[in-house]
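Novice: Got a structure here, written out as structure tokens. Questions coming.
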Amino acid sequence: MSTPEYVRWNGLAVRRPDDVRRISGGRIPLSWQMEKRVEHVDRLMNRTLPADFPDPVERGGADDVLAVLALSESIRRDLMARRGGDIREAILLGATWAEVAAAMDTTPDEARAVLRDWTDRQHSLHRINAAPGDPRLPAVEEDRHAAVLALIELADDQRTETD
């Protein structure tokens, strides 16, 4: 890949989770973050090779460890931010709350709480960002929010109707 953003990303020294953002402020794809993390981990693993290792290797240092820590935290944050949407998608595609909870190693009620928190935060953001005087957006957002809240009310083993 050779987009300007990817080229910039490859040259970026990551030292803090907040370094892992696009120029526009958006998220860097998880695959890019993992790729960069693996490169740093590989260099750190090379430190365990014998000094007389026959092939040339680049050995990691403190900068690599700091990058691994920062990237790990960024990845964790991004995954956590996506959890609510992933839960909603699973339920909409026919998974039960019991199945979602098992996939998360939690209880159905705890999984529901994650979805409720996510949808309430999304709802607040949409209301804050709604264009003044646009009557459509609030109605669409209210319907979307209500639909997600209805998913929360499904019984633990109840599936949604899927095509």
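The values are calculated or read from the model by the stated rules, or taken from the named source; none is laboratory data. Worth saying up front: this structure is predicted, and the values here are computed from it rather than measured. We place every Cβ from the backbone using ideal geometry, glycine too, and count neighbours over all the protein chains shown. Surface accessibility is based on the protein's heavy atoms, side chains included, excluding ligands, DNA and RNA. Shrake-Rupley method; radii C 1.70, N 1.55, O 1.52, S 1.80 Å.
Novice: Just tell me the longest site-free run in the chain, where the sites are GluC sites (Glu not before Pro) in a DSSP loop having at most 14 other beta-carbon atoms within 10 Å.
Specialist: 59-152
Novice: Please turn the phi angles of region 13-30 into ³J(HN,Hα) values with the Karplus equation 6.51 cos²θ - 1.76 cosθ + 1.60 (θ = phi - 60°), one per residue in order, whole Hz, x for glycine and proline.
Specialist: Values per residue, Gly and Pro as x: 8, 8, 10, 9, x, 6, 5, 8, 9, 5, 4, 6, x, x, 6, 7, x, 4 Hz.
Novice: Right, something else. Quick one: pull the percent of accessible area on the chain belonging to carbon and sulfur, 1.4 Å probe, ligands and nucleic acids left out.
Specialist: 55
Novice: Averaged per residue, what accessible surface does region 45-163 expose to a 1.4 Å probe, in Å²?
Specialist: Value returned for region 45-163: 64 Å² of accessible area per residue.
Novice: Further question: Where does the chain land on the Kirkwood hydrodynamic radius, alpha-carbon pairs, in angstrom?
Specialist: 19.1
Novice: Short version: ³J(HN,Hα) in whole Hz for each residue of region 141-150, in order, from phi by Karplus 6.51 cos²θ - 1.76 cosθ + 1.60 (θ = phi - 60°), x for Gly and Pro, what are they?
Specialist: 5, 4, 5, 4, 4, 4, 5, 5, 4, 5
Novice: Using +1 on the beta carbon of Lys and Arg, -1 on that of Asp and Glu, and nothing else charged, what's the dipole of the chain about the Cα centre, debye to 20? If you can, show how the numbers build up before the last one.
Specialist: Working: 23 positive and 30 negative charges, 144 e Å.
The calculated dipole for the chain is roughly 700 debye.
Novice: Same structure, new question: Averaging sequence separations of C-alpha pairs under 8 Å and six or more residues apart, then dividing by the length of region 16-74, give the relative contact order as a whole percent.
Specialist: Numbers: 52 pairs, mean separation 26.4, N = 59.
Value for region 16-74: 45 percent.
Novice: If one takes the longest principal axis of the Cα atoms in the chain, at what angle in degrees, from 0 to 90 and to the nearest 10, does the Cα axis of helix 62-92 lie?
Specialist: Rounded to the nearest ten degrees, it is 20.
Novice: Quick one: compute the contact order of region 50-131, relative version, from alpha carbon pairs under 8 angstrom and 6+ residues apart, as a percent. Show your work: numbers first, answer last.
Specialist: Details: 29 pairs, mean separation 19.1, N = 82.
Value for region 50-131: 23 percent.
Novice: Another one. For R21, list long-range residues whose amide hydrogen, built 1.01 Å from N in the peptide plane, is under 5 Å from its own amide hydrogen.
Specialist: Answer set, sorted by chain and number: none.
Novice: Would you work out the relative contact order for the chain, in percent, from Cα pairs under 8 angstrom that are 6 or more residues apart?
Specialist: Values: 145 pairs, mean separation 33.8, N = 163.
So the answer I get is 21 percent.
Novice: Using θ = phi - 60° and the Karplus curve 6.51 cos²θ - 1.76 cosθ + 1.60, what whole-Hz ³J(HN,Hα) does each residue of region 42-56 get, with Gly and Pro shown as x?
Specialist: 4, 4, 5, 5, 5, 5, 7, 6, x, 4, 9, 4, x, 9, x
Novice: Sticking with this structure for a sec: Enter the angle in degrees (range 0 to 90, nearest 10) between the Cα long axis of helix 108-129 and the first principal axis of the Cα atoms of the chain, meaning the one along which they spread out most.
Specialist: Compared with the principal axis, the helix lies near 90 degrees.
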